[in-house]
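Novice: Dropping a structure here in structure tokens format, bear with me for questions.
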Amino acid sequence: MPRSLVTIDLAAIRHNAGVLMRVLESSELWAVVKADGYGHGAVDVSRAALEGGATMLCVATVAEGVALRAALREARILVLGPTPDDDVSLAREASLELTATDERVPEDVPVHLKLDTGMGRWGLGELEAPGRSVVGVMTHLATSESDPGFARGQLERFRSATEPYAARYMRHAANSAAALTLPETRLDAARCGIALYGVDPFGVDASRFDLRPALRWESELGQVKRLLPGESTGYGRRFVATEETWIGIVPVGYADGFRRDLSGTEVVVGKTRAQVVGTVSMDAVAVRLPEEFARGAPVTLVGEGVSLEDHARVAGTIGYELACGIRTAPGRGEREVQNG
Ligand SMILES: *Cc1c(COP(=O)(O)O)cnc(C)c1O
């Protein structure tokens, strides 16, 4: 057993793509695989998503697109972020599609014009007469997870601005949350990331949408010790035992993406939930055990019985950020892909 093992279940990705395809009916599913597939591995996830029915891969940068192109010769790849002028020729060579986020609309490469309808970030304020390189028009919703009313308003602005072009260009607006819960946003295609990975965009529980988490993160107890009352574990003595307490040390820490603000969250030791206590260090965390466990007892950090959503609530963040932060490196943690 390496210090920890991240397993990516491609069957879950294919399953989730199938769920989204059914939800989307006649709209296309575009798989968002930026940031190395939300930390899951962009190439593996892309293959599985395409097998599951996705018709486009979306990345954030030209560099991500070029890397993906090396592995996937045929797939359509769209760069969602702004592209510096210097990168346009690279994008053209790699047959990428680009997003124009301001008035600089590249020629001789397929372009999706991004309209800012309320995100207040990248995007054109108005849709000018689209040039001949344009193949799509898009917008991005700011509140599909939190304020469906505002999202509907954005969609209305988008619809009215793009209605004259509806027949000529693909129109796309939805992310995962919108695709799952706001049918009118589905248009010609939905750009789905988090749901594809089996994480609930609303941070509650992905199983209510029949989505399956694709990422498991496992380790084991590297040491088990008994603290006497008054003894502590970890930096700063932030956990001091008030009674005899069994403590397990897991060889994973914030350098692996188990963040310091996950102190207080629970993991699963054997089949029992156990709380992370004290300060999370760079390479280790302590868990409070209900009884003595053997060294080497399996620890599920993310997986059966404990989700990224659970951890995100404790850390005051979102599953997206935790998934992107999980890191494996030679000698630290390993990554395995299951294709069954
Ligand atoms: C990241 C991103 C998405 C995917 O969002 P999810 O909530 O992960 O589905 C869609 N569109 C754009 C423009 C994005 O940047």
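Each reported figure results from applying straightforward, stated rules to the coordinates on display, with no laboratory input. Predicted model, so just to flag it, every value in this text is computed and none were measured. Note that each Cβ is placed from the backbone with ideal geometry, even for glycine, and that neighbours are counted across all protein chains shown.
Novice: I need the peptides 190-200, 100-110 ranked by packing, meaning the mean over residues of other C-beta atoms within 10 angstrom, with the highest value on top.
Specialist: In descending order of packing, they fall as 190-200, 100-110.
Novice: What does a probe at residue 292 reach in region 189-230, counting residues whose amide N is under 19 Å from the point 7 Å along Cα→Cβ?
Specialist: Label zone hits: 221-229.
Novice: Consider a paramagnetic label point 7 Å from the Cα of residue 157 along Cα→Cβ; state which residues of region 95-121 have an amide N under 13 Å from it.
Specialist: Correct set: 115-121.
Novice: Another question, then. What number results when the radius of gyration of region 144-193, computed over Cα atoms, is divided by 2.2 N^0.38 Å?
Specialist: The reported ratio for this selection is 1.09.
Novice: What are the extents of the Cα atoms of the chain along their three principal axes, listed from largest to smallest and rounded to whole Å?
Specialist: For the chain, the Cα extents along the three principal axes come out at 74, 41, 35 Å.
Novice: What residues have an amide H closer than 5 Å to that of residue 99, excluding those fewer than 5 places away on the same chain, when H is modeled at 1.01 Å from N in the peptide plane?
Specialist: Sorted by chain and number, the residues that satisfy this are 79, 112.
Novice: Please state the charge dipole magnitude for region 10-199, taken about the Cα centre, from unit charges on C-beta atoms (+1 on K and R, -1 on D and E), reported in debye and rounded to the nearest 20.
Specialist: Using Cβ point charges on Lys, Arg, Asp and Glu, region 10-199 gives about 500 debye.
Novice: How many percent of Cα pairs in region 8-79 exceed 16 Å?
Specialist: The proportion of pairs with Cα distances above 16 Å equals 41 percent.
Novice: From the backbone phi of region 85-102, what are the Karplus-calculated ³J(HN,Hα) couplings (6.51 cos²θ - 1.76 cosθ + 1.60, θ = phi - 60°) in whole Hz, Gly and Pro given as x?
Specialist: Result, ordered by residue: 3, 5, 8, 4, 5, 4, 4, 5, 4, 8, 6, 8, 9, 10, 9, 8, 9, 8 Hz.
Novice: Okay, moving on. Once both axes come from the Cα atoms, what is the angle between helix 148-162 and the longest principal axis of the chain, in degrees from 0 to 90, rounded to 10?
Specialist: Taking Cα atoms only, the helix is inclined about 30 degrees.
Novice: By how many degrees, between 0 and 90 and to the nearest 10, does the Cα long axis of helix 42-51 differ from the longest principal axis of the chain?
Specialist: It works out to around 60 degrees.
Novice: Could you tell me which GluC sites (Glu not before Pro) in region 243-295 are loop residues by DSSP with no more than 14 other beta carbons within 10 angstrom of their beta carbon?
Specialist: Here the GluC sites (Glu not before Pro) that fit, given the DSSP loop and packing criteria, are 243, 244, 291, 292.
Novice: Projected onto the charge dipole of the chain (+1 at Lys/Arg Cβ, -1 at Asp/Glu Cβ, origin at the Cα centre), which of 305, 340, 119 gives the Cα projection farthest towards the positive end?
Specialist: Sorting the options by dipole projection puts first 305.
Novice: Which percent of the Cα-Cα distances in region 118-176 go past 19 Å?
Specialist: 28
Novice: Also, quick follow-up: Working from Cα positions, state the angle (0 to 90°, nearest 10) between the long axis of helix 62-71 and the longest principal axis of the chain.
Specialist: Computed tilt is about 80 degrees.
Novice: Once amide H atoms are placed 1.01 Å from N in the peptide plane, what residues at a sequence separation of 5 or more from residue 56, or on another chain, have their amide H within under 5 Å of its amide H?
Specialist: 31
Novice: Could you state the number of Å between the C-alpha centres of region 71-85 and region 190-223?
Specialist: 25
Novice: I've got another one for you. Given bins 5 angstrom wide, list per bin the percent of all Cα-Cα distances in region 53-172, short to long.
Specialist: 2, 12, 21, 22, 19, 13, 8, 2, 0
Novice: Something else about it: Roughly what % of DSSP beta bridges within the chain run antiparallel, to the nearest 5?
Specialist: In the chain, DSSP labels about 50 percent of beta bridges as antiparallel.
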